[in-house]
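Chemist: Have a look at the structure that comes next, please.
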Amino acid sequence: MDSAHCKASLHLALRPGTNVAVLDSISHVIVREKLYNEQFIRERCEWEEFEVWMDLVGSDRYAPEIIGPQAGIDPEAIRQVARMYAGGPNSAIYYGLGVTEHSQGSTGVMCLGNLALACGMFGREGVGVNPLRGQGNVQGGSCLGSWPHVFSGYRFVTDPEVRSSFEGDWGVPLDDEPGLRLPNMFDAALSGHFRGMFIMGEDPVQSDPNQHHVIAAMKSMECVVLQDIFLNETAKYAHVLLPGSSSLEKEGSFTSAERRVNRVRKVVEPLAGYQDWEVVVKLMNAMGYPAHYNNAGEILDEIARLSPAYKGMSFALLDRIGSAQWPCDENAPEGTEVLHTVKFPRANGRGTFMLTEYVPTIERTNDQYPLLLTTGRILSQYNVGTQTRRTANSMWHPEDILEINAEDAHVRGIRDGDWLSISSRFGTTQLKAKLSKRVNPGIVYTTFHHAKSKANVLTSDLSDWATNCPEYKVTAVEVIKATAETETVRSGIQKQAVTEEIIA
């Protein structure tokens, strides 16, 4: 890559869907060249599990000479990455949605954990495996139990002792069965087993994959409640709209990717009259549960009361020291900056190596769909653009476009700015072309910030085997130059979308 635009020493522009193969190949080099930290592994991990892991990644099938051509990268680059990571006194891993939004997303994260364990890159400053979250307070939502199988502090709903502590505080019996994840909810709605949904601050009709499938699920439900600060695509299918409040209109906390809990302070009164938490409490009371909180600080007090990692957390502490990283308890009254300094959070305190066999996605290219579409975001627009499309940011990114390599464009007779028809196994949409050197031959790329683009009409409903995170990064497509007739249709679609937005 052009050094003027990239600070990285190496850039592995791998073929979408081959993350796990490449990471296992990096591990292969570390194992074969004995670059691992044997002292750390013997002192902090299960040596027998390490040996089983070595047998897997050390196999010839993960050699860079085998994986490199599959992933579209130079085998020597894989070797360089392995040597750089293992050879540094402090090496840190940062990963984003490009790792997790795959059918093997969780496996990819486990690969990163294995690498860090093997090279002793845990338990001190400057190392570790660090997720770069896709949206504000995703970390906070995870920490406080937004997943259907855990309570706050990542404690399982199936644990009787954990469950009883919440039952005692809340005064109600709680289900010991994990709930459904979002893709499962849509499937259950279409089968008639899931009849209602309460959505706060999200637009699944635009942001979730296989848009036709999501819309069908929305239409099949008896009650969809949306709470947000603006109308969005999901609002078209909601039965009830509740007002949301922005971060400037409410009290509470945000948690960063480093587990740092920060205060959010109200600057102006909510335009709709209530903060988000107040709307939820009123809804609870209306449904027959007598909840009462005088302020948002009391909610954090409840979290601290029921969650050991938050035991010492309070608005008073955050006001005094600015922020605190959990665990925050009697052993660390002002929070914990570095995790895993002495032991890992397992019964025996030792790190474990996970087996990470590479399993290619079932979403494959063929003669009908020869290109791979990968989707992502751009700096000037935020997620589905519900907020940023209403600002002057749209001067920089007024529409979603399809980036296509010049070689692929040439064989299709496509020029910069042409209207394109993009088709997948799941749907078809139209975008303008941008000839690009950023994408390799065989790969196309677009964003999903504009509702009228309908980028997620194309994406599949395949998801990660463990978390059900959608596989946004790998969709087989074909791209053709749009005819004059389809350009006219597209123009009509755009006018209709603009009219709907003005009305909204």
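Only the coordinates and a few stated rules stand behind these numbers; no lab work does. These numbers were taken from a predicted model, which means no experiment stands behind them. All Cβ positions, glycine included, derive from the backbone under ideal geometry; neighbour counts span all protein chains shown.
Chemist: Going down the list Lys266/Lys343; Lys7/Lys434; Lys7/Lys34, which pairs span over 32 Å between their C-alpha atoms?
Modeler: With Cα atoms farther than 32 Å apart: Lys266/Lys343.
Chemist: Additional query: Of the DSSP beta bridges with both residues in the chain, give the percent that are antiparallel, rounding to the nearest 5.
Modeler: Roughly 50 percent of the DSSP beta bridges within the chain come out antiparallel.
Chemist: Can you tell me the length gained on complete extension of the stretch Val52 to Met84, counting 0.36 nm per residue apart and subtracting the Cα distance?
Modeler: The span from Val52 to Met84 would gain 9.1 nm if fully extended.
Chemist: Among the GluC sites (Glu not before Pro) in region 12-60, which ones are in a DSSP loop with at most 13 other Cβ atoms within 10 Å of the Cβ? Mind listing them?
Modeler: Listed in order of number, the matching sites are Glu33.
Chemist: Are there any trypsin sites (Lys or Arg not before Pro) in region 317-387 that are in a DSSP loop and have at most 11 other Cβ atoms within 10 Å? List them by number.
Modeler: Qualifying residues, ordered by number: Arg346, Arg364.
Chemist: Near Lys236, which lysines are there with a Cα under 16 Å away, not counting those fewer than 8 places off in the same chain?
Modeler: Lys219, Lys452, Lys454
Chemist: So if R0 is 35 Å, what FRET efficiency would Arg320 and Asn294 give, r being the distance between their Cβ atoms, rounded to the nearest 0.05?
Modeler: 0.95
Chemist: State, in angstrom, two size descriptors of the chain derived from its alpha carbons: Rg to one decimal place and Dmax to the nearest whole number.
Modeler: Rg and Dmax of the chain, Cα atoms, are 24.5, 70 Å.
Chemist: While we're looking at this one, here's another question. Using the Cα centre of region 319-411 as the reference point, and only Cβ charges (+1 on K/R, -1 on D/E), how large is the resulting charge dipole? Debye, rounded to the nearest 20.
Modeler: About 320 debye.
Chemist: Would you calculate the volume per residue, in Å³, of the smallest convex hull containing every Cα atom of region 158-280?
Modeler: 158
Chemist: Mean residue ellipticity at 222 nm from the helices of the chain, using -39,500 (n - 2.57) per DSSP H segment of n ≥ 4 over the full residue count, to the nearest 500 deg cm²/dmol?
Modeler: Roughly -9500 deg cm²/dmol at 222 nm, from the helical runs in the chain.
Chemist: Kirkwood-based Rg over Rh for region 282-430 (C-alpha set), two decimals?
Modeler: My calculation puts Rg/Rh at 1.16.
Chemist: Take the eigenvalues of the Cα gyration tensor for region 96-202, scale each by 5, and report the square roots as semi-axes in whole Å, largest first.
Modeler: 30, 21, 13
Chemist: Here's something else I'd like to know. Roughly how many nanometres apart are two label points built 7 Å out from the Cα toward the Cβ at Ser380 and Lys282?
Modeler: Result: 3.8 nm between the two label points.
Chemist: Report, in debye and to the nearest 20, how large the dipole of the chain comes out about its Cα centre when Lys and Arg carry +1 and Asp and Glu carry -1 on their Cβ.
Modeler: Rounded to the nearest 20 debye, it is 1040 debye.
Chemist: Let me ask something additional. Can you work out the base-10 log of I(q)/I(0) for region 378-459 at q = 0.19, 0.20 1/Å, using the Debye formula on its C-alpha atoms alone?
Modeler: Evaluating at q = 0.19, 0.20 Å⁻¹ gives log10 I(q)/I(0) of -0.85, -0.92.
Chemist: Now for a separate question. With only alpha-carbon pairs counted, each pair once and no self-pairs, how large is the Kirkwood hydrodynamic radius of region 51-138 in angstroms?
Modeler: This gives a value of 14.5 Å.
Chemist: For region 1-86, which trypsin sites (Lys or Arg not before Pro) pass both filters: DSSP loop (anything but H, G, I, E, B) and at most 13 other C-beta atoms within 10 Å?
Modeler: Those satisfying the criteria are Lys7, Lys34.
Chemist: Computed over the Cα atoms, what is the radius of gyration of region 181-242 divided by 2.2 N^0.38 Å, N being its residue count?
Modeler: Normalised Cα radius of gyration, region 181-242: 0.99.
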